[in-house]
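To start, the structure under review is shown below, and the notes come after it.
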Amino acid sequence: MAFIELTNVVKNYEKGSEVVHVLQDLNLSLHEGDFLALMGPSGSGKSTLLNLIGGIDQPTAGSVVVDGANLDNMSGSQLAKWRSATIGFVFQFYNLLPFLTAERNVELPLLLTNLRGSQRKENALTALRTVSLEDRAKHKPGELSGGQQQRVAIARAIVADPKVLVCDEPTGDLDRQSAQEILALLETLNEQFGKTIIMVTHDPLAAEHAKTVLHLDKGVLVESEQAEVSA
Amino acid sequence: MTSVGFVWKNLYRKKTRTFLTFFCLFIAFLLYVALGSIAVVFSIDTVSGELGANRLQTSAKYSMIDDIPKRYVDEISQLDGVELVTHMSWFGGYYQEPSNMLVTFPVNPSTFFRVYPEYEISDEYLSAFIETRRGMVAPIAVVEQYQWKVGDIVPIGSQIYAQKDGNYTWEFELVGYYTPDQEGQTAVLLQYDYFDEANAFGPGSVGWLAIQITDSQLGPEIAQKIDSMYINSSDPVRTATESEANRQFLAQYGNITLMMSGILLAVFFTILLVCGNTMAQAFRERIAELGVLKTIGFNDYGLGLWILSEAVVLSVLPAIFGVVIGMGLLVAVGSSGAAAMFLPTPPMSVVLSTAVSSIALAGALGVLVGAIPALTTTRMSIVEAMHA
Ligand SMILES: Nc1ncnc2c1ncn2[C@@H]1O[C@H](COP(=O)(O)OP(=O)(O)O)[C@@H](O)[C@H]1O
Ligand SMILES: [Mg+2]
């Protein structure tokens with residue numbers, strides 16, 4: 001079995017009496033260390049798919065296995081625990097807590113571990129150093145640029161050393177320069193730290209940084225080689 | 001940073017809102033302790049039930065402030081079932097300044113302490129009180145408060161009675177002190193005979209009677225008998241058991257218990273609305289954030305508990321401040337002597353129980369206000385939360 005394996009996954013949402021069919025009989029397998037760019041039109045179900053892999057939502061039918069864990073028969077609490085150890089999340093709008101400094105935001109996931117306070121602080125600073133923002137440790141999100149906030153968010157995503165990073169349009173809100181920095185950072189995390197990355201993006205140039213590119217359209221996955229995209 | 005530190009930082013982020021909520025609750029609980037303690041005092045019998053049940057109180061029928069003829073004392077003493085009758089008058093006394101109000105009653109020293117055995121006095125002081133023409137006794141607390149000494153001639157002003165020469169300031173000799181049955185009772189007792197002969201209205205009047213009866217079962221019967229004795233006289237009276245009389249007396253100043261309860265209820269209803277609304281609003285603004293925390297791996301129940309404890313902390317903490325300062329105020333008022341004539345200072349036990357019930361109430365308020373946000377936090381899915 002692959003590192004990430006989705007088999008015959010169906011996801012429906014119920015809106016009142018209406019059923020929205022988002023994902024239909026979807027299959028996907030990724031090996032550890034992969035960097036997947038997931039593309040597709042708005043509303044095609046990219047975030048939904050990401051949520052299933054990240055264990056924050058469960059499929060209507062089919063199975064989702066990540067790093068040997070079968071997510072579709074876990075309870076909410078089991079999933080929460082599993083997420084904290086296995087997945088780092090990066091969102092389009094950073095989603096930092098505005099009342100905490102960068103350092104404290106990064107430290108947040110470590111509150112779920114048994115680490116001592118001094119160790120948590122050290123790990124948080126190490127993560128900030130990895131994203132080159134150690135000097136902004138005491139700044140609040142409001143005092144940082146969008147690109148810097150996203151780097152703090154990435155530091156938060158990696159601080160507990162998860163195997164998988166799940167990024168939903170991480171450059172969607174950034175200018176080209178900042179976006180390039182974020183993409184370079186993700187590439188480093190993938191290549192040097194061995195993180196498996198699944199990234200949703202609208203931007204073909206962003207997809208260039210990935211090893212694999214897949215298109216989602218009307219709930220179905222279509223493969224396309226990276227070479228084709230950049231050609 | 002610890003989890004507790006995180007909760008603190010979170011409460012601190014909207015400083016103005018947190019402060020206003022805090023302040024609003026603080027005032028509410030301050031009021032609650034102060035008014036609540038007083039309301040309790042007004043609603044309990046001021047005299048212990050056991051003793052009070054054997055006593056009747058007779059006063060002028062139409063207003064308790066009217067006087068009644070002193071000869072009623074002797075006449076009522078003759079009735080079957082009546083053991084002893086004593087009388088008291090309302091003097092409206094103060095010490096030096098009208099703001100230093102004293103609860104002062106001219107009484108008959110020989111009968112007063114027999115009808116009120118719960119007021120303890122040594123034989124030595126009692127006989128001095130009986131024998132001294134301008135004698136006066138006071139509770140030890142009052143004696144200490146004004147730093148009087150036994151043997152002092154104390155000027156006592158009256159809001160009601162002048163002496164024959166028109167002077168409203170009287171002089172009494174402190175001959176001793178007595179121990180009231182309850183902390184907070186401050187009645188200063190004056191020699192009636194002197195008051196009676198020296199006051200400008202002339203002799204022969206008393207304020208009300210306290211009647212010791214042989215059997216509490218006979219109370220209603222005797223009361224009725226007394227009232228009918230004087231029904232066609234120029235000074236009709238009304239007789240009731242002591243506790244009932246106390247309530248009737250207080251009722252002249254409005255139904256204080258009801259009024260206090262009304263105020264408290266209104267205050268709490270308002271607080272509940274304000275806090276509930278503030279919490280709900282603060283909560284809505286944080287739903288996406290809670291979604292992020294859930295995503296990171298914070299437990300559904302843990303976060304729900306966190307929201308609940310935040311609400312409880314936010315209501316209990318100001319309550320503690322309010323209660324402490326409210327108690328401080330009561331103590332200050334009680335010891336300033338300005339404890340007005342009609343405003344009994346609540347005993348410490350009442351204040352303490354009000355304090356404890358306030359904190360419990362604050363906890364309940366927190367749970368009530370935090371319950372729905374907490375449940376919502378626990379139940380909402382991350383996908384819903386992030387789309388909020
Ligand atoms: N919680 C939900 N309830 C109902 N419908 C939803 C929910 N989340 C997503 N959808 C629907 O599922 C479809 C896919 O959404 P999404 O995965 O967010 O698309 P994408 O990320 O590709 O833009 C959309 O039509 C959206 O309206
Ligand atoms: Mg999306």
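The values are calculated or read from the model by the stated rules, or taken from the named source; none is laboratory data. The model shown is predicted, which means the values in this text are computed figures rather than measured ones. Cβ sites come from the backbone with ideal geometry, for glycine too, and all protein chains shown count toward neighbours.
Quick check, is B:A280 crowded, with 20+ Cβ neighbours inside 10 Å, hydrophobic (A, V, I, L, M, F, W, C), touching a residue at least 24 places away in the same chain (Cβ under 8 Å) and part of a helix (DSSP H, G or I)?
Details: crowded, with 20+ Cβ neighbours inside 10 Å: no; hydrophobic (A, V, I, L, M, F, W, C): yes; touching a residue at least 24 places away in the same chain (Cβ under 8 Å): yes; part of a helix (DSSP H, G or I): yes.
No, not satisfied.
Output the number of residues of the range A:22-42 satisfying the condition of being within 13 Å of A:N12 (Cα to Cα) and of a type outside the set (A, V, I, L, M, F, W, C).
Initially, the range A:22-42 is screened for residues within 13 Å of A:N12 (Cα to Cα), giving A:22-26.
Going one step further and asking which of them are of a type outside the set (A, V, I, L, M, F, W, C), we end up with A:24-25.
Residues in the range A:22-42 being within 13 Å of A:N12 (Cα to Cα) and of a type outside the set (A, V, I, L, M, F, W, C): 2 in total.
From the residues in the range A:60-94 that are surrounded by 15 or more Cβ atoms within 10 Å (Cβ to Cβ) and more than 18 Å from the chain's Cα centre (by Cα), which one is farthest from B:M386 (Cα to Cα)?
My answer is A:G62.
Of the numbered conditions (1) within 13 Å of ligand 1 (Cβ to nearest atom); (2) more than 13 Å from every other protein chain (Cβ to nearest Cβ); (3) assigned to a loop (DSSP other than H, G, I, E, B), A:I56 satisfies every one except a single condition; which is it?
The single condition A:I56 does not satisfy is (2).
So, in the range A:101-131, how many residues would count as being among the polar types (S, T, N, Q), out of contact with any His (no Cβ under 9 Å at 6 or more places or on another chain) and within 11 Å of another protein chain (Cβ to nearest Cβ)? Show your work before the answer.
Of all residues in the range A:101-131, those among the polar types (S, T, N, Q) come to A:101, A:105, A:113-114, A:118-119, A:123, A:126, A:130.
Narrowing further to those that are out of contact with any His (no Cβ under 9 Å at 6 or more places or on another chain): A:105, A:113-114, A:118-119, A:123, A:126, A:130.
Those left that are additionally within 11 Å of another protein chain (Cβ to nearest Cβ): A:105, A:113.
Residues that pass the stated criteria total 2.
Going through the range B:161-190 one residue at a time, which ones are without any contact (Cβ under 8 Å) to a residue 40 or more places away in the chain and of a type in the set (V, I, T)?
B:T169
Determine whether B:A141 is surrounded by 12 or more Cβ atoms within 10 Å (Cβ to Cβ), modelled with pLDDT of 90 or more and assigned to a helix (DSSP H, G or I).
Numbers: surrounded by 12 or more Cβ atoms within 10 Å (Cβ to Cβ): yes; modelled with pLDDT of 90 or more: no; assigned to a helix (DSSP H, G or I): yes.
Spelling it out, it is not the case that B:A141 is surrounded by 12 or more Cβ atoms within 10 Å (Cβ to Cβ), modelled with pLDDT of 90 or more and assigned to a helix (DSSP H, G or I).
Which residue is surrounded by the fewest Cβ atoms within 10 Å (Cβ to Cβ), if the candidates are limited to the range A:4-21 and must be more than 9 Å from ligand 1 (Cβ to nearest atom) and of a type in the set (D, E, K, R)?
Here the residue is A:E18.
Scanning the range A:22-41 for residues that are near ligand 1 (Cβ under 9 Å from one of its atoms) and assigned to a strand (DSSP E or B), which turns out surrounded by the fewest Cβ atoms within 10 Å (Cβ to Cβ)?
Here is the first cut: in the range A:22-41, the residues near ligand 1 (Cβ under 9 Å from one of its atoms) are A:22-23, A:38, A:40-41.
From the residues that got through so far, the ones that are assigned to a strand (DSSP E or B) too are A:22-23, A:38.
Numbers: A:V22: 21, A:L23: 24, A:L38: 27.
Result: A:V22.
Failed condition for B:A364, given (1) surrounded by fewer than 15 Cβ atoms within 10 Å (Cβ to Cβ); (2) within 14 Å of chain A (Cβ to nearest Cβ); (3) modelled with pLDDT of 85 or more, with all others met?
Against the list (1) surrounded by fewer than 15 Cβ atoms within 10 Å (Cβ to Cβ); (2) within 14 Å of chain A (Cβ to nearest Cβ); (3) modelled with pLDDT of 85 or more, B:A364 comes up short only on (2).
Looking only at the range A:11-43, which residues are within 16 Å of ligand 2 (Cβ to nearest atom), more than 20 Å from A:V222 (Cα to Cα) and in contact with a helix residue (DSSP H, G or I) (Cβ under 9 Å, 6 or more places away or on another chain)?
A:Y13
Restricting to the range A:44-59, and then to whatever is within 13 Å of ligand 2 (Cβ to nearest atom) and in contact (Cβ under 8 Å) with a residue 60 or more places away in the chain, can you tell me which residue is surrounded by the most Cβ atoms within 10 Å (Cβ to Cβ)?
Checked the range A:44-59; the qualifying residue surrounded by the most Cβ atoms within 10 Å (Cβ to Cβ) is A:L49.
When only residues in the range A:138-152 that are in a helix (DSSP H, G or I) and buried (at least 16 other Cβ atoms within 10 Å of the Cβ) count, which is farthest from the chain's Cα centre (by Cα)? Steps first, please.
In the first step, residues of the range A:138-152 are kept if they are in a helix (DSSP H, G or I); the result is A:141-143, A:146-152.
Filter once more, so that each one left must be buried (at least 16 other Cβ atoms within 10 Å of the Cβ): A:141, A:146-152.
Numbers: A:P141: 20, A:G146: 18, A:G147: 16, A:Q148: 17, A:Q149: 16, A:Q150: 12, A:R151: 13, A:V152: 14 Å.
Looking at the filtered set, the residue picked out is A:P141.
Can you pull out every residue in the range A:85-137 that is in a loop (DSSP other than H, G, I, E, B), away from ligand 2 (no atom under 16 Å from the Cβ) and not small (G, A, S)? First the steps, then the outcome.
Taking the range A:85-137 first, the residues in a loop (DSSP other than H, G, I, E, B) are A:91-101, A:113-116, A:131-133, A:137.
Subset that is away from ligand 2 (no atom under 16 Å from the Cβ): A:96-101, A:113-116, A:131-133, A:137.
Of everything in the range A:85-137, those that are in a loop (DSSP other than H, G, I, E, B), away from ligand 2 (no atom under 16 Å from the Cβ) and not small (G, A, S) turn out to be A:L96, A:L97, A:P98, A:F99, A:L100, A:T101, A:T113, A:N114, A:L115, A:R116, A:V131, A:L133.
Restrict the check to the range A:60-76 and report whether at least one residue is more than 12 Å from ligand 1 (Cβ to nearest atom) and closer than 30 Å to A:S145 by Cβ.
No, the range A:60-76 contains no residue that is more than 12 Å from ligand 1 (Cβ to nearest atom) and closer than 30 Å to A:S145 by Cβ.
Given the conditions (1) facing chain B (nearest Cβ under 9 Å); (2) within 16 Å of ligand 2 (Cβ to nearest atom), which single one is not true for A:L79?
(2)
Looking only at the range A:164-188, filter to residues that are touching a residue at least 40 places away in the same chain (Cβ under 8 Å) and away from chain B (no Cβ under 14 Å); which one of those is nearest to ligand 2 (Cβ to nearest atom)?
Within the range A:164-188, the subset touching a residue at least 40 places away in the same chain (Cβ under 8 Å) is A:164-170, A:172-173, A:185-187.
Then drop every residue that is not away from chain B (no Cβ under 14 Å), which leaves A:170, A:172-173, A:185-187.
Details: A:P170: 12, A:G172: 9, A:D173: 13, A:L185: 21, A:L186: 18, A:E187: 22 Å.
The residue in question is A:G172.
With (1) within 16 Å of the chain's Cα centre (by Cα); (2) assigned to a loop (DSSP other than H, G, I, E, B) as the list, and A:S44 as the residue in question, which single condition is left unmet?
(1)
Out of the range A:161-184, which residues are crowded, with 21+ Cβ neighbours inside 10 Å, outside any loop (DSSP other than H, G, I, E, B) and more than 16 Å from ligand 1 (Cβ to nearest atom)?
Answer for the range A:161-184, where residues must be crowded, with 21+ Cβ neighbours inside 10 Å, outside any loop (DSSP other than H, G, I, E, B) and more than 16 Å from ligand 1 (Cβ to nearest atom): A:V164, A:L165, A:A179, A:I182, A:L183.
Can you confirm whether B:L189 is among the aliphatic types (A, V, I, L, M) and modelled with pLDDT under 90?
no
Wholly within the range B:1-65, which helices (runs of 4 or more DSSP H) include no fewer than the required count, namely at least 3 residues that are modelled with pLDDT of 70 or more, over 30 Å from A:R120 (Cβ atoms) and of a type outside the set (F, W, Y)?
Filter on the range B:1-65 gives B:15-43.
Examine the range A:111-128 for a residue that is surrounded by 19 or more Cβ atoms within 10 Å (Cβ to Cβ) and within 16 Å of ligand 1 (Cβ to nearest atom), and state whether such a residue exists.
Within the range A:111-128, not a single residue is surrounded by 19 or more Cβ atoms within 10 Å (Cβ to Cβ) and within 16 Å of ligand 1 (Cβ to nearest atom).
From B:S261, B:S315, B:S309, grab the single residue that is among the small types (G, A, S), touching a residue at least 12 places away in the same chain (Cβ under 8 Å) and crowded, with 18+ Cβ neighbours inside 10 Å.
On the way: B:S261 fails: crowded, with 18+ Cβ neighbours inside 10 Å; B:S309 fails: crowded, with 18+ Cβ neighbours inside 10 Å.
Being among the small types (G, A, S), touching a residue at least 12 places away in the same chain (Cβ under 8 Å) and crowded, with 18+ Cβ neighbours inside 10 Å holds for just one of B:S261, B:S315, B:S309, which is B:S315.
Report, by residue number, each residue of the range A:112-130 that is of a type in the set (A, V, I, L, M, F, W, C) and at pLDDT 95 or above. Before you say what the answer is, go through the steps one by one.
First pass over the range A:112-130, keeping only residues of a type in the set (A, V, I, L, M, F, W, C): A:112, A:115, A:124-125, A:127-128.
Within the range A:112-130, A:A124, A:L125, A:A127, A:L128 meet the criteria.
Only one of these conditions is not met by B:D300: (1) under 30 Å from B:L31 (Cα atoms); (2) over 44 Å from the mean Cα position of the chain (by Cα). Which number is it?
Only one criterion is unmet by B:D300, namely (1).
Would you check which residues across the range A:162-205 are within 16 Å of A:V152 (Cα to Cα) and of a type in the set (S, T, N, Q) and list them?
A:T171, A:S178, A:Q180, A:T188
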